[in-house]
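The values are calculated or read from the model by the stated rules, or taken from the named source; none is laboratory data. Given the structure is predicted, the values throughout are model-derived calculations rather than measurements. Backbone-built Cβ (ideal geometry, glycine too); neighbour counts: all protein chains shown.
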Amino acid sequence: MKRSFSLPYKIRFSDCDPAGIVFYPQYFVMFNDLLEAWVDSILEGGFAGYIGRAKFGMPIVHLEADFTAVSQMGDDVYLELEVVRLGTKSFTLEYRCIGQNGDPRMKVQQTLVTTSLETHCSIPIPEELNVAIQYFLNASAQERSSESPSPQAISTQEPTTTNELSSSNEGTQKQRSTL
């Protein structure tokens, strides 16, 4: 079963260029906010604890983006994150911006490496983060993995990892499965 982390997002004036569509660098800001929310939901102490207190970094070492449709000011979209690869010192995430009707707007694949903020050298992914990332691997990747952690080993926040029921502007309801 594919697992993803998803949050609703309203495209704001501050996200847009003078044409009223998302200025492309703003997607990277949105996806970084999504990454922080995901880490907040899977690790004790959240992103601030991981980066600030534990002194671990997760810099980007590769980034690839596809823009497929515009998002305009006022649009309600979903920002989604999925783990697509887990290595010993790095992992790859796929981010998607999806419109209310399921139309893809933008997709990014991003590889992050774990580092020590003291030495700025790569380090093995810390165990707590590794276990949490393994839980979010898609089904085909999990089958190749030697161990599959139990959901009890991971602290999560309910609304972002369960089915969400949302209403569109027309008042119709749509089920969006994120687990």
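Quick notes on this one:
- Looking only at residues of region 1-35 that are among the hydroxyl-bearing types (Ser, Thr, Tyr) and modelled with pLDDT of 95 or more, we find that the one that is surrounded by the most Cβ atoms within 10 Å (Cβ to Cβ) is Ser6.
- Figure legend. Inter-residue proximity from region 56-80: first residues in contact (Cβ under 8 Å) with a residue 40 or more places away in the chain, second residues of a type in the set (D, E, K, R) and assigned to a loop (DSSP other than H, G, I, E, B), beta-carbon distance below 9 Å, spacing 6+ or different chains. Indicated pairs: Met73/Arg12; Gly74/Arg12.
- Index of the failed condition, Ser41 passing every other in (1) out of contact with any helix residue (DSSP H, G or I) (no Cβ under 6 Å at 6 or more places or on another chain); (2) of a type outside the set (D, E, K, R); (3) farther than 19 Å from Pro124 by Cβ: (1)
- Residues in region 96-127 that are surrounded by 17 or more Cβ atoms within 10 Å (Cβ to Cβ), touching a helix residue (DSSP H, G or I) at 6+ places or on another chain (Cβ under 9 Å), closer than 23 Å to Gly52 by Cβ and of a type outside the set (A, V, I, L, M, F, W, C): Gln110, Thr114.
- Residue match in region 20-38 (condition: more than 16 Å from the chain's Cα centre (by Cα), under 22 Å from Leu7 (Cα atoms) and in a helix (DSSP H, G or I)): yes
- Some residue of region 76-88 being surrounded by fewer than 14 Cβ atoms within 10 Å (Cβ to Cβ) and within 27 Å of Lys10 (Cα to Cα): no
- Taking region 45-104 and the strands (runs of 3 or more DSSP E) fully enclosed by it, the elements with 3 or more residues that are in contact with a Phe, Trp or Tyr (Cβ under 7 Å, 6 or more places away or on another chain) and over 23 Å from Cys121 (Cα atoms) are at 76-86, 90-99.
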